[in-house]
Structure formats: structure tokens, C-alpha cells
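The values are calculated or read from the model by the stated rules, or taken from the named source; none is laboratory data. Remember, predicted model here, so these are calculated numbers, not experimental data. Here Cβ is always computed from backbone atoms with ideal geometry, including for glycine, and neighbour counts include all displayed protein chains. Each accessible area value is taken on the protein alone, full model and side chains, heavy atoms only, with ligands, DNA and RNA left out. Shrake-Rupley method; radii C 1.70, N 1.55, O 1.52, S 1.80 Å.
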Amino acid sequence: MDSIPVCNGKARASRLPAFGPWLGLLPFLLFALAFMLLPCGSILVGSFQDASGHFTFANIAHLGRASILSSFLVTIEVSAVTALGGTVLGFLLAYAITLGKLPKELRSMLLTFSGVASNFAGVPLAFAFIATMGRMGMVTFVLKSVFGINLYEAGFNLYSFWGLCLTYLYFQLPLMVLIITPSLDGARREWREASESLGASAFQYWRHVALPILMPSLLSSMILLFGNAFGAYATAYALTGGLLNLVPILIGAQIQGDVLHDPNLGYALALGMVAVMVLCIVAYQLLQRRSSRWIA
Amino acid sequence: MIKRRGWSWFWFFLGALYFLVPLLGTFLFSLRGKRGALSFFAYSRVFADSQFLQTFSFSFKMALLTIVAGIALTLPTMIWVHLRLPKAKPILEACSLLPFVIPPIVLVFGLIRIYSGPPFALASSPLLLVAGYIVLSFPYIYRAIDAGLRSMDLRGLTEAAHSLGAGWGTILFRIVLPNMRVSLLSAVFLTFSIVIGELTLAVMLAWPAFGPYMALMGRDLAYEPAALAILSFLLTWGLIGLIQFASRGITGHSTGLGGTH
Amino acid sequence: MAFLEMKNLVKCFGAATAVENFSLEIREGEFMSFLGGSGCGKTTTLRMIAGFEQPTEGSIRIGGAEVSNLPANKRGVGMVFQNYALFPNMTVHKNIAFGLMVMGWKTADIEHRVEEMLALIHMEEFRERYPHQMSGGQQQRVALARALAPKPKILLLDEPLSALDAKIRTRLREEIRAIQRQMGITTVYVTHDQEEALSLSDRIVVMRAGKIEQVGTPFEIYNRPANAFVASFIGTLNILDAHVVDAQRGQLLVEGQEVMACGPVPSGQVKLSLRPEMLSLGTHPSNENQLRGQLSNVIFLGSIVRLVIGTGSREIFLDTFNTPKLELPSVGSPVSIGFPREACLVME
């Protein structure tokens, strides 16, 4: 990289200035700047501005308002419940098709279906649940007319918290199956056999060996599921039409009209959301590193 | 051992029940469009609606644009990084995580804030929508192409081609692309399935796309939305099926996880 | 009396029979190897002893007690796996202590035993390491200590060295043998590597297609193979077609030349097997037999030199020690192969 004269043209080509190769990256960097970084930056900046553009912490402070806190809380609750439910049930399903010795055809069937179902979300998913579990839905209807069980009189409501959770689970569960199946495939038969030959019971094997080994993957998958539900807008929008005060719904309403009577509060809301997601992704990466060390 | 398998069956059936009941329920529901009889009436009403065709074809066009522009932007960049600038890989990696950190609703909020006024008044141009869709589908395109690049020895292949006298164009079109057919196909179908029914960006940027159309139907009608749900499920199934068909026999090639919800 | 006794073991997977009518008695403290190619049923047999596979038929007794219906965790059998199978979430110390912990030992006793085992494998300083921080050889030593810690009645090793590189393999092999002698534990060792089986075992079971081909000490297996399969599986072997002239005296005709084996031999067409190291170049009074041929190649193998000698339709390997005084005829020149009649293995 110094000034030794070079006669060979080919060799000179490889001695472009240090930033030469970066030129090839320029189109992408410009795109990322314009459509990924700038929008984020503008929200970050907007969160710290008042209506006339002056710097302020007021928006951040307003996040502490009861109504906004409660909407964060309910969003976190929906995400946590569906992440936990998806993790536990998805794990059991994945276990059934990997270590549970079910026929191979069922395994590929479930994996294919999970690929579809985890992509089947948003408006059509909401419709499907309305048609099934809504007031007029098929399951509601069959339960009432055949079994005499009135779901809605029993307190169930599809357009409420638990209804939303049930609906979200439809993409959370298959997502978990897809994520955790490789980890379970990585759980070696020899671990179980070694533990058995050392005198451990099935319970002791799960308690001391299998669960601790799988824990990082389980946790990181759960975080992924949490973020997946936390950012979801379309499903909730189509299902509850804004009845539930989820943060994404609130931001959407803010975009379409100044429902908060303070445009900059909307930015703070979005910033709060990004903050939660950043926490998720950091925890996810840390856990991933650990589990990849254990399960080669 | 037998007990263990019994539990496996139990959980599998429970899962199958949860997955299949809504589909079956929705299908039956969609057949009740005509009072007193099961019929495909709701479906014919859907197809007869001129809005259906208009919005669907709009979203279809957006999907095509997103696919072409997204791959045109990503593929050369990734090949370049792979060959010449490996140290820039973390940047791409980070960008592929970004859509997870910034949910669509936040992304569109930021986009509107920047591009609704001068100096870049783009908000009324479909360009902004396509750009947003590229951001949303970037993780899937990135992962698919990355898997494809990693499955072949790109450096070895290009060096071999160079030493045989091939130029860059020949290398790209005769060697790299044919070897990446499968990954590119899965990127294409995944992007398509994300964009075709997308709601958040379309609704916020006020485009007459298929997602907002479906949402609107849901507000006013009962049986047509069920028919739409079944149709979209079949569409998703078809797209994922195409990906799995294209990538059959290739190990370690997973389909993309999750779309925009 | 036999300590580990297997009688008429049969294992079928669906329509395929993996192990057929396997009967064997192993004495207390004995080091027994199961030797064979892949799919010969050696690992399946081992897994039946461990309790990971249920025999389709037959019985397994340990110390006189029937165990074939006991689950693996009640058999008191230690197992070492090909891929170490250390628990990745536990340190060396925790791995070794695992069997003791699930048996409900007191903490102080566990500590004492773990120290003992660490000393046995000379890895005291690795106590707090995780498996991923150690080499394959170290991991396998820990796996051995883990299997031995609960004082199992029998130690089972399933190709424990095949994932390691050659140098470590030899060293660990010696270590396994030393530890086994020191503890006097009855051991079953599965391998496809004849050198391992020969160097480690008190006795070897050679298996093929689910059946026992021969049981014997390494000397018996090598020097007096029961049949052509065992002979060709163990060591390098020249196998020649021969015609018996006089079965009682052991007179044969090989490549048109007369050879005397130790009679009596079967009559008719037979196979004459000769170990390369039993052959020597030139004439010598103690070698009754001579085969003439032409030197076609010389292969240098380090401590030995292998001569390839063409005798009409066949090529014969002849091994000789690589000594400084070694003088070899040039390639292409006629040579004479000499060997005593005891070197002849005649099989049908």
C-alpha cells in the first residue's frame, strides 16, 4: 500500500484506493440510508421535538401517561402470552415430530403446513377466525346448536384480548415449530442414552440435560415470537378494528389522524416500540450465540 | 417408549385440530353465502367484484416491481460483498435484522414523515410503496441469496471462469445465476406472498391495494371475507409449495419464516 | 463362570435381521471386542447389552441375573459413545458427577469420586472446562471417566476412537487398556478396526451379517482363522487358488507349483492363504516350500518393505523388515518365495 512503482497493469487494478471496493456497495448503502436509516432517524428526532421543532423531553415523559402505558402493557401482554403459548405448544409439536418417533410423513406434512401457516397472517387470518370463532362463526354455531354451549355467554369474545391471542397463536405456533425443529434435531440420541446408562430416569434427563441444553434456543425463539406479535398490525386491525388499544393500532390511528392531539407523541410511541424490539434482538443474539456453541 | 409415542400423537392431533378447524370452519362458512344451501355463491360474488380484480392486479404489479427492484439491488451487492468486501457483511446482516426491529407500522410512519413534504415529496408516488416493500422483504431476499451464495464456492467458480477467459457478464448470467436458481425462486415467491396481501404500508400510504380492499370487505360483508381468506390461504399454500418444490433435495435450505402480520 | 452371558440373541428390525442367534459368555474382568464391518450387528448387540435395544428373542444375564427386561437406567452398565456424548451444558466435573448425582450419592462422596476419576484420566486441571473447550481426545477421556464413575458392572465402548486422529487414537487406546486392567472391569469394545481389536482384547468376536464368525484370542484369530472371511478380514492376506493332490499329507498344487501344507487338509479345490510376513525371499533350509515369480513392484511402508511378486495369474505380497542391510533384487528379475509348511492356511 505504499508508493512502490508498479508496472503490471493487473497488479495496479488490485491497488485501488482503500475505499474502491466500497463504491460497489454505494447503491445499496444509499437505499438503506434513504429507506431504513432516515425513517428511523426522523422518528428518533421527532420524539425529542415539540410541535414547533424545539428540543424537548416532554414526549418521552408523556409515554408515562396512563392511557399510553396501558396500551404498551396490553401489547406486551398479548405478545408475551402468545410467545409463551406458541413456545410451549410449538415445542411439544416439534418434539412429537422429531424425538417423538412419529412417522416421517407427518413430520414433513407439519413442517410444510407450518411454512404456509406462519406466512398466512394479516387480514385473511382475521377473517378466518371471525368465520370460525366469531359470533356467527362455524365453531360457535356448532357448539351452540349441537352441544348447547354458548361461547359468548360463557364470556368468550373473539374481539377481546384472549380472542386476539387465539388468533395470533395461529402464526406463532407454526413459526415456533419451524424455528425449534432444527434444535431438536440437534439434540443427540446419545445424550439420552448416556444419561440412561448412567442411571438417570426420563425426568432426570429432561431436568438436568435436555431442558438446560435446549433452554437458550427455547428462550431465543420465544423472544423472536414476542417481537413477531409485538409489531403485528394487520391482524389486529382487521380483527378488532381498533377496539383493543395495541401500540401498533395506536400509531396507525395517529398516522391517519391526530388522535393523540400531539403528533410528536406518536413518534415517541414508535420510538418506545423500537426500543422494545432492540432489547429483543440483543437478547436474541446473545442467546443464539450460546446455543450454537452447544448444539453444533 | 410406547407411552412416549402416545403423547406425541396426542400433541400432534391437538396441533392438527387447532390448525385445521379454522380452515374448515372458514371454508364451510364461505359456502353459506346463499340462504339455506351450501354454494360457491360468495366466491362468485368476490370474482364478480371489479374492485377485486383492480386491487389484486395493483398489488400484483407492486409485487413484481418489488421483486425485480429488490433482487436487482440485493443480488449484485451481495455478490460484490462476497467477493470483494467481506468485511461489509455485518452491515448487510444488520440491515436484514432492521425490519424486525422496526415494525412495518413504525417504518411507514418514518417514511411518511420524511417523504410527505419537500425536498423529497414521494408520498404520492408508488415508488415509496415499492421502496417500503423492498425493506420489508429484504430479510427474506437476503437470507435466500445468502444461502445460495454459501452453497456454492463463488470465489472458486469466478476464478475458474476468469482463467477460462470469461468476462463478468458471462460469469453473472451463465454461472452465478443458474447456480442460484433455487434461492432466487424462493426469494421471489416469499416476496410475492408478503406483498400481495400487505395491509399496513398500503393502507397508511392510501393505495388501492389488495390488503386494504380485503379489510374493507371485512367491515361490510360476512361471507365474502371468508371466501377471500380461503383464497389467500390457497395462494399462500401455492407459493410456499412452489418454494418447497423448487428447493426439494437441497438440504439446509429452509423456507422463510413468518411474513408481515 | 460367565459374568456376562448372552444366549440365542436375535434382533430384527422389521423384516431385516440385524443379529442372529448370538450366544457368548464373557468372564469377569475380561476385555472382549466385537469386530466386524458396518452392518455386521456388532453395535446392535452392544446396544442390547446396554438396554437401548430390546432383543427380539434370547436372554442376557449379568452376574447370573436376567436383565433383558430391565430398562437401561437400571442395568448398571457404563457406556462410551463414538461421539463422546458429553452433556454440553455441564463442566467436566458435572459430567462425571452426573451418574452419581442421579443415584443419590452424598455430595462429599461425589466430590471424592470425581477427584479419583479425574486423577485416573490425568485431567485434574480440566475440572471446570466445558466440553466445547476441549479436544476430541480429552472429551473421550472424560466420557470414559463419566461412564466408570458410578462403578458399573460392565463397561461398553462403541467405536470410542473412530472420531479421533491416528496419533491420539493409539495413545488413548493404550490408556483405555491400562485403565481397564487397573479397574478389572468387564469390558465390551465394538470396533471395525482390527488393529484396535488385536492390541486391546483378551478375546475377539469376529462378526459378519449378524452372525459370529469366530471367537478367540487375538493370537488364535490371527494365526488360526476359522474361515476365509476371518482370515481376509484380519491383517493382509494372499489368497491363492489351490488344488489338493494328497489331502492326508497336505500336498497342494498352486499356480502349477507344488506346495506342502500341514495335513490333513480338505480335498478338491481349496484356498491357500499366506500372510505376507510369513514369506521370505530366496531359499532357506527351514522353508520347505518355494514359489517362483517375478518381482513387479517394491512398496516402502516405513518399518517394513512390501514386495509385490507376480506368479503367473496372481500377485503375492511379501513383507520384509526394513533393515540397513536389506538388499533387494531389481524390479523385473525372477525371485523365489520361500515359506514353511506351518505358514499355509488351507481353507475350503
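For the structure I just gave you, tell me whether A:VAL209 is within 23 Å of B:PHE100 (Cα to Cα), within 9 Å of another protein chain (Cβ to nearest Cβ), in contact with a Ser or Thr (Cβ under 7 Å, 6 or more places away or on another chain) and open to solvent by less than 40 Å² (accessible area, probe 1.4 Å).
No.
Just to be sure I understand the filter: pairs with C-beta atoms under 8 Å, separated by 6 or more residues or on different chains, first member in the stretch B:112-128 and within 13 Å of chain A (Cβ to nearest Cβ), second member open to solvent by 70 Å² or more (accessible area, probe 1.4 Å) and part of a helix (DSSP H, G or I). Which pairs pass?
B:ILE114/A:LEU38
Residue by residue, here is whether (1) of a type in the set (Val, Ile, Thr); (2) open to solvent by less than 40 Å² (accessible area, probe 1.4 Å); (3) closer than 25 Å to C:ARG224 by Cβ holds:
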residue	(1), (2), (3)
C:GLY256	no, no, no
C:GLN269	no, no, yes
C:ARG275	no, yes, yes
C:LEU281	no, no, no
C:ILE304	yes, no, yes
C:LEU326	no, no, no
C:GLU342	no, no, yes
C:LEU345	no, yes, yes
C:GLU348	no, no, yes
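Here are some residues: B:LEU157, B:LEU107, B:LEU149. Which one is farther than 30 Å from A:ALA234 by Cβ, part of a helix (DSSP H, G or I) and touching a residue at least 40 places away in the same chain (Cβ under 8 Å)?
Among B:LEU157, B:LEU107, B:LEU149, only B:LEU149 is farther than 30 Å from A:ALA234 by Cβ, part of a helix (DSSP H, G or I) and touching a residue at least 40 places away in the same chain (Cβ under 8 Å).
If only one of B:ILE71, B:ILE67 is more than 8 Å from every other protein chain (Cβ to nearest Cβ), touching a Ser or Thr at 6+ places or on another chain (Cβ under 6 Å) and crowded, with 18+ Cβ neighbours inside 10 Å, which one is it?
The conditions single out B:ILE67.
Which pairs do you get when a residue that is at the interface with chain B (Cβ under 7 Å from one of its Cβ atoms) and of a type in the set (S, T, N, Q), found in the stretch A:101-123, comes within reach of a residue that is outside any helix (DSSP H, G or I) and open to solvent by less than 20 Å² (accessible area, probe 1.4 Å), reach meaning Cβ atoms under 6 angstrom, with the pair 6+ apart or on two chains?
Hits for this filter: A:SER118/B:GLY258; A:ASN119/B:GLY259.
Tell me, which residue of the stretch B:136-155 that is closer than 18 Å to B:ILE243 by Cβ and of a type in the set (A, V, I, L, M) is most open to solvent (accessible area, probe 1.4 Å)?
In this case the residue turns out to be B:ALA147.
Which condition number in (1) within 30 Å of A:PHE31 (Cα to Cα); (2) within 25 Å of the chain's Cα centre (by Cα) is the one that B:PHE19 fails?
(1)
Where residues in the stretch C:65-74 are part of a loop (DSSP other than H, G, I, E, B) and touching a strand residue (DSSP E or B) at 6+ places or on another chain (Cβ under 7 Å), which of them is surrounded by the fewest Cβ atoms within 10 Å (Cβ to Cβ)?
If we take residues in the stretch C:65-74 being part of a loop (DSSP other than H, G, I, E, B) and touching a strand residue (DSSP E or B) at 6+ places or on another chain (Cβ under 7 Å), then C:SER68 is surrounded by the fewest Cβ atoms within 10 Å (Cβ to Cβ).
Please indicate, with yes or no, whether at least one residue in the stretch A:88-97 is more than 15 Å from A:PHE226 (Cβ to Cβ), crowded, with 24+ Cβ neighbours inside 10 Å and of a type in the set (Val, Ile, Thr).
yes
Do the conditions hold for A:LEU260, that is, is it open to solvent by 40 Å² or more (accessible area, probe 1.4 Å) and either out of contact with any His (no Cβ under 6 Å at 6 or more places or on another chain) or outside any helix (DSSP H, G or I) (or both)?
In short, no.
Mind checking which residues of the stretch A:152-163 are over 19 Å from B:LEU23 (Cβ atoms) and either more than 20 Å from the chain's Cα centre (by Cα) or in contact (Cβ under 8 Å) with a residue 40 or more places away in the chain (or both)?
Of everything in the stretch A:152-163, those that are over 19 Å from B:LEU23 (Cβ atoms) and either more than 20 Å from the chain's Cα centre (by Cα) or in contact (Cβ under 8 Å) with a residue 40 or more places away in the chain (or both) turn out to be A:TYR152, A:GLU153, A:ALA154, A:GLY155, A:PHE156, A:ASN157, A:TYR159, A:SER160, A:PHE161.
Go through the stretch A:237-257 residue by residue and tally those that are at the interface with another protein chain (Cβ under 10 Å from one of its Cβ atoms), surrounded by fewer than 23 Cβ atoms within 10 Å (Cβ to Cβ) and under 20 Å from the mean Cα position of the chain (by Cα).
Residues that pass the stated criteria total 1.
Go through (1) exposed (fewer than 14 other Cβ atoms within 10 Å of the Cβ); (2) under 25 Å from B:ILE230 (Cβ atoms); (3) not polar (S, T, N, Q) for A:LEU178 and report which single condition fails.
Tallying (1) exposed (fewer than 14 other Cβ atoms within 10 Å of the Cβ); (2) under 25 Å from B:ILE230 (Cβ atoms); (3) not polar (S, T, N, Q), A:LEU178 fails exactly one: (1).
Yes or no: A:PRO216 surrounded by fewer than 23 Cβ atoms within 10 Å (Cβ to Cβ) and either touching a residue at least 60 places away in the same chain (Cβ under 8 Å) or within 10 Å of chain B (Cβ to nearest Cβ) (or both)?
Spelling it out, A:PRO216 is indeed surrounded by fewer than 23 Cβ atoms within 10 Å (Cβ to Cβ) and either touching a residue at least 60 places away in the same chain (Cβ under 8 Å) or within 10 Å of chain B (Cβ to nearest Cβ) (or both).
Only one of these is closer than 21 Å to A:THR181 by Cα and among the polar types (S, T, N, Q): A:THR75, A:THR132, A:THR112. Name it.
Every option except A:THR112 fails the conditions.
Does the stretch B:191-214 contain any residue that is farther than 30 Å from A:ILE130 by Cα and crowded, with 17+ Cβ neighbours inside 10 Å?
no
Condition first: surrounded by fewer than 19 Cβ atoms within 10 Å (Cβ to Cβ) and touching a residue at least 12 places away in the same chain (Cβ under 8 Å). Now tell me which residues in the stretch C:185-195 satisfy that.
Once the filter is applied, which keeps residues that are surrounded by fewer than 19 Cβ atoms within 10 Å (Cβ to Cβ) and touching a residue at least 12 places away in the same chain (Cβ under 8 Å), the stretch C:185-195 yields C:HIS192, C:ASP193.
In the stretch A:70-94, which residue that is of a type in the set (Ser, Thr, Tyr) and within 14 Å of chain B (Cβ to nearest Cβ) is farthest from B:PRO103 (Cα to Cα)?
Of everything passing the filter in the stretch A:70-94, A:THR87 is farthest from B:PRO103 (Cα to Cα).
Can you tell me which residue among B:PHE13, B:PHE29, B:PHE56, B:PHE19 is at pLDDT 85 or above, away from chain A (no Cβ under 12 Å) and either part of a helix (DSSP H, G or I) or surrounded by fewer than 18 Cβ atoms within 10 Å (Cβ to Cβ) (or both)?
Result of the check over B:PHE13, B:PHE29, B:PHE56, B:PHE19: B:PHE56.
If you check C:HIS93, C:HIS112, which single one turns out to be open to solvent by less than 70 Å² (accessible area, probe 1.4 Å), over 20 Å from C:LEU4 (Cβ atoms), without any contact (Cβ under 8 Å) to a residue 40 or more places away in the chain and not β-branched (Val, Ile, Thr)?
C:HIS93
For the stretch C:89-136, give me each residue that is over 19 Å from C:PRO152 (Cβ atoms) and either in contact with a Gly (Cβ under 6 Å, 6 or more places away or on another chain) or among the polar types (S, T, N, Q) (or both).
C:ASN89, C:THR91, C:THR107, C:GLN133, C:SER135
Per-residue answers, yes or no, for (1) open to solvent by 40 Å² or more (accessible area, probe 1.4 Å); (2) in a helix (DSSP H, G or I); (3) small (Gly, Ala, Ser):
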{"site": "C:GLN140", "(1), (2), (3)": "no, yes, no"}
{"site": "C:LEU157", "(1), (2), (3)": "no, no, no"}
{"site": "C:THR170", "(1), (2), (3)": "yes, yes, no"}
{"site": "C:GLU174", "(1), (2), (3)": "yes, yes, no"}
{"site": "C:ALA197", "(1), (2), (3)": "no, yes, yes"}
{"site": "C:GLN214", "(1), (2), (3)": "no, no, no"}
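Looking only at the stretch A:275-290, count every residue that is within 19 Å of the chain's Cα centre (by Cα) and either open to solvent by less than 30 Å² (accessible area, probe 1.4 Å) or more than 18 Å from A:PHE230 (Cβ to Cβ) (or both) and tell me the total.
Count: 6.
Would you mind listing the helices (runs of 4 or more DSSP H) fully within the stretch A:1-53 where at least 1 residues are modelled with pLDDT of 90 or more and open to solvent by 50 Å² or more (accessible area, probe 1.4 Å)?
Helices (runs of 4 or more DSSP H) meeting the threshold: A:26-32, A:38-47.
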